[in-house]
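Note sheet for the following structure.
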Amino acid sequence: MGKFLKISLRILVVLIIILAAVGFWQREKIMRLLAVNSLFSEEKIVNNFSHMDSMFLTTPLNIGAEEASELPIGDPAPAVEGLDDWIKERRVTALVVLKDGKIVTEQYFQGTGKDDLRISWSVAKSYLADLTGILVAEGKIGSLDEQVVKYAPHLKGSAYEGATIRNVLNMASGVKFNEDYLDFNSDINKMGRVIALGGTLDDFAAGIKERENPPGTVWQYVSIDTHVIGMVIRGATGRSIPDLLSEKILVPLGLEKAPYYITDGSGVAFVLGGLNMTTRDYARFGLMNMYGGQWNGKQIVPQDWIEASTVPSAPTAEGKIGYGYQWWIPIGAPEGEYMARGVYGQYIYINTDLGVVIASNAADRKFREEGVTEQSIEMFRKIAASL
């Protein structure tokens, strides 16, 4: 019996050593997974949203060597009824308001500051839409009605086979995908764990085999559709999204601080929500779009693309908020009113007629509650009308 116990103890010691070695070898993956599981916790969310590079693999974006483009200071914006309550209720961390290209409001809350590189979440989707328009104009992508598998053959045999580039831009691919951030086992949260553990989003997208609707027939917000747009761009150009976005948009814009993308395990940018940038630089991007794609006398994004992508074109339900090519259009919006929108309260709101751009960041854990988006749109409209 004593001999058996000694042998068992030796085996146990060996197993402990092996497990410890594996744990040490995989410690970064384990730490990233733990970070994902507490990413949105109440006590950590504000700090996490300014320090995503401490939890995920990342890649920097080049902004060139020139000085940042000017954002002059204008007359301070007048007080708006209910603004302070909205900031508190929606857990706003940053608010930058531009009127006719001048900063009229710039405020930071909850310990954040102007130099923080704040996570965009789905605001990043609108950046990719602008990049797509540039590549269509350059002839790198032939037509929006071409199938995505032409440029992303890895998707052959998946639920994306048969979907067009226009379908995925409109979030009307028809693929079955659960976008519930509050469901631990949802597809969107599984995708987050894939990133944390160093997996590849190309394989994740190719692994989606089920459809809920034929492509182009029903609008359903499916974030992985945006990753597929990224696959199309990479396939059409042979280049990475960070390189293209830097060259085509960010360097010409003249940003204040170099942003970064979260990446998956193969170094591919998390284009559907992994862009991190200062709030002022989010405002710059909104202003360039409000100017019809122009910046400092240069046409960065084709004006006809911006006009086409920022009007309702997706097959959304009647009476619901509209969707274009990765841009949101509020109910009852006049021409030229649209926005980029991300979970937990990230916005770039644009009102072309009034000459107003509003960039806001937040850590709003109640963002899914009924009426929250409408409340924010109402506040943006009140701010714009007051200027």
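The values are calculated or read from the model by the stated rules, or taken from the named source; none is laboratory data. The structure presented is a predicted model; accordingly, all values stated were derived computationally and were not measured. All Cβ positions, even for glycine, are placed from backbone atoms using ideal geometry, and neighbour counts span all protein chains on display. For the accessible areas, the whole protein counts, side chains as well, though only heavy atoms, and no ligand, DNA or RNA atoms are used. Shrake-Rupley method; radii C 1.70, N 1.55, O 1.52, S 1.80 Å.
Listed values, structure above:
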{"quantity": "Cα gyration tensor, region 240-328 - rounded (a/c under 1.5), prolate or oblate", "calculated": "oblate"}
{"quantity": "Residue-by-residue Karplus 3J(HN,Hα) for region 180-188, coefficients 6.51, -1.76, 1.60, Hz, glycine and proline x", "calculated": "7, 5, 8, 9, 4, 9, 5, 4, 5"}
{"quantity": "Cross-link pairs Lys102/Lys125; Lys99/Lys382; Lys140/Lys257 - those with Cα-Cα distance over 19 Å", "calculated": "Lys102/Lys125; Lys140/Lys257"}
{"quantity": "Computed over region 208-366: relative contact order in percent, which uses C-alpha pairs under 8 Å that are six or more apart", "calculated": "16 percent"}
{"quantity": "Lys/Arg +1, Asp/Glu -1 at C-beta; region 97-245 dipole; positive extreme among Ser122, Ala172, Leu155", "calculated": "Leu155"}
{"quantity": "Given charges at beta-carbon only (K, R positive; D, E negative), |dipole| of region 163-210 in Debye", "calculated": "120 debye"}
{"quantity": "Ile300 long-range amide H proximity, modeled H, under 5 Å", "calculated": "Gln294, Trp295"}
{"quantity": "Relative contact order (%) - criterion: Cα under 8 Å, at least six apart; region: the chain", "calculated": "23 percent"}
{"quantity": "Rounded accessible area of Val372 (nearest 10 Å², 1.4 Å probe)", "calculated": "10 Å²"}
{"quantity": "Region 207-254 - percent of accessible surface contributed by carbon and sulfur, probe 1.4 Å", "calculated": "48 percent"}
{"quantity": "Å² per residue, accessible surface of the chain at 1.4 Å", "calculated": "44 Å²"}
{"quantity": "Accessible area, probe 1.4 Å, largest first, for residues Glu179, Glu370, Glu138", "calculated": "Glu370, Glu138, Glu179"}
{"quantity": "Extreme residue, positive dipole direction of region 281-387, given options Tyr344, Gln326, Thr316 (C-beta unit charges)", "calculated": "Tyr344"}
{"quantity": "Two-decimal Rg to Rh for region 278-387 - Kirkwood Rh, Cα set", "calculated": "0.95"}
{"quantity": "Charged-residue dipole, Cβ positions (Lys, Arg, Asp, Glu), the chain about Cα centre, Debye nearest 20", "calculated": "1720 debye"}
{"quantity": "Distance from region 222-255 to region 142-189 (C-alpha centre basis), Å", "calculated": "17 Å"}
